[in-house]
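The values are calculated or read from the model by the stated rules, or taken from the named source; none is laboratory data. Every value quoted in this text rests on a predicted model; they were computed, and no experiment measured them. All Cβ positions, even for glycine, are placed from backbone atoms using ideal geometry, and neighbour counts span all protein chains on display.
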């Protein structure tokens, strides 16, 4: 399925889920309001019967305490008692200027059917109390807030996503130029060497051709690496030691002589791991290149591996500036860089290659400011 079709489908799913989330509180508030309205209607029916009893009872010695309690419980409900001829005979819990005609129209405009009575009034009109009116408005108020929040969140998310995509695209372009730059510079250097050398021996010529072949092969590797991004790479069982030594040979030939490389000084492990050789070497070279930048042309790079039964730990240590603990995770995010001319994509791609393609992990194991940094790459043990 096309990536854009997947994205569109996910947007539809999220939109539908959002509608459900918005509807649940709205429906619940409406249900609650309906139940309260039914309760008010029953109260008004009780009120009507109470007024009938009070009207019919002519015994001055009768106890009306219960009836008075019923009437007192309705103090928050506006009530209008109307005779059979349409004349307002009583106004309860209402503030009005004396214009009973307008008041009656106001009560009728609510659409609430009156309660019929056979007491001192024929019809009992009532309105919902203010709390009920606020409850009726609450679902809409909540809906507006949630929609506004969702729109703001979507706008922020979209803006952030576009910015990250732009950083990734710019970073990819610069990373491509960076990856191509090393072998191209090498080829140009060897060509210049040939041009300047009048009396070149066969051995020197063979050595130059060998280096030119290496750089040409590197160009092919770079093209292959970028073609594999986004697709499922083919993993093969490979010697970890051999892969790391190939990275050392390539990087050492292109590093200052003041950089010391120490590989497998404390172990002789040579496990088999399932990797894509081209992509794995890209990751290691990227870390080595970062180590070179951190050491300012002088220092030591140590690489070792530890067999942990279930996985292999590859430790890459340098004697550079070090990384603050607060940035150990941030350095793997697209666009994050501490270099003046950096673009912050190399380690992000390295993380994606190791974790998504090789089912491993990559992280900063240890780092001390002014002493150096140790990166750890964990790969699953190969099981034939």
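Yes or no, residue by residue, for (1) in the same structural domain as residue 124 (by TED's automatic domain parsing); (2) in a helix (DSSP H, G or I); (3) over 20 Å from residue 124 (Cα atoms); (4) modelled with pLDDT of 75 or more:
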site: 16; (1), (2), (3), (4): yes, yes, yes, yes
site: 24; (1), (2), (3), (4): yes, yes, yes, yes
site: 29; (1), (2), (3), (4): yes, yes, yes, yes
site: 32; (1), (2), (3), (4): yes, yes, yes, yes
site: 41; (1), (2), (3), (4): yes, yes, no, yes
site: 45; (1), (2), (3), (4): yes, yes, no, yes
site: 50; (1), (2), (3), (4): yes, yes, no, no
site: 55; (1), (2), (3), (4): yes, yes, no, no
Practice prompt. Say whether the condition of being assigned to a helix (DSSP H, G or I) and modelled with pLDDT of 75 or more is met by at least one residue in the stretch 62-74.
Written response: no
Fill in: Filtered residues of the stretch 95-109 (kept if loosely packed, with under 13 Cβ neighbours inside 10 Å and in a loop (DSSP other than H, G, I, E, B))
95, 97, 98, 99, 109
Worksheet item: Which residues, counting only those in the stretch 269-284, are at pLDDT 90 or above and either buried (at least 22 other Cβ atoms within 10 Å of the Cβ) or under 18 Å from residue 363 (Cβ atoms) (or both)?
Response: 273, 275, 280, 283, 284
Practice prompt. Kindly indicate whether any position in the stretch 289-312 is under 22 Å from residue 233 (Cα atoms), out of contact with any helix residue (DSSP H, G or I) (no Cβ under 7 Å at 6 or more places or on another chain) and at pLDDT 90 or above.
Written response: yes
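Listed here are the residues, each with its yes/no results for (1) outside the structural domain of residue 30 (by TED's automatic domain parsing); (2) at pLDDT below 75; (3) farther than 26 Å from residue 93 by Cβ.
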| site | (1), (2), (3) |
| --- | --- |
| 119 | no, yes, no |
| 124 | no, no, no |
| 133 | yes, yes, no |
| 139 | yes, yes, no |
| 151 | yes, no, yes |
Practice prompt. Quick one: which residue in 112, 124 is surrounded by 13 or more Cβ atoms within 10 Å (Cβ to Cβ), touching a helix residue (DSSP H, G or I) at 6+ places or on another chain (Cβ under 9 Å) and assigned to a strand (DSSP E or B)?
Written response: 124
Worksheet item: Got at least one residue in the stretch 238-245 being within 36 Å of the chain's Cα centre (by Cα) and at positive phi?
Response: no
Response to the item:
Here the residues within the stretch 306-318 that are assigned to a strand (DSSP E or B) and either in contact with a strand residue (DSSP E or B) (Cβ under 6 Å, 6 or more places away or on another chain) or on the phi > 0 side of the Ramachandran plot (or both) are 306, 311, 312, 313, 314, 315, 316, 317, 318
Worksheet, complete the sentence: Of 306, 287, 259, 301, the only residue that is under 35 Å from the mean Cα position of the chain (by Cα) and surrounded by 19 or more Cβ atoms within 10 Å (Cβ to Cβ) is 287
Discussion item. Pull out all pairs, ordered by first then second residue, where Cβ-Cβ is under 8 Å, the residues are six or more apart or on different chains, the first lies in the stretch 262-284 and is within 16 Å of residue 245 (Cβ to Cβ), and the second is part of a loop (DSSP other than H, G, I, E, B).
Written reply: 271/381; 271/382; 272/382; 273/381; 273/382; 275/235; 275/358; 280/358
Worksheet, complete the sentence: Residues of the stretch 182-192 being in contact with a helix residue (DSSP H, G or I) (Cβ under 6 Å, 6 or more places away or on another chain) and free of Cβ contacts under 8 Å to residues at least 60 places away in the same chain, in sequence order, are 183, 187, 190
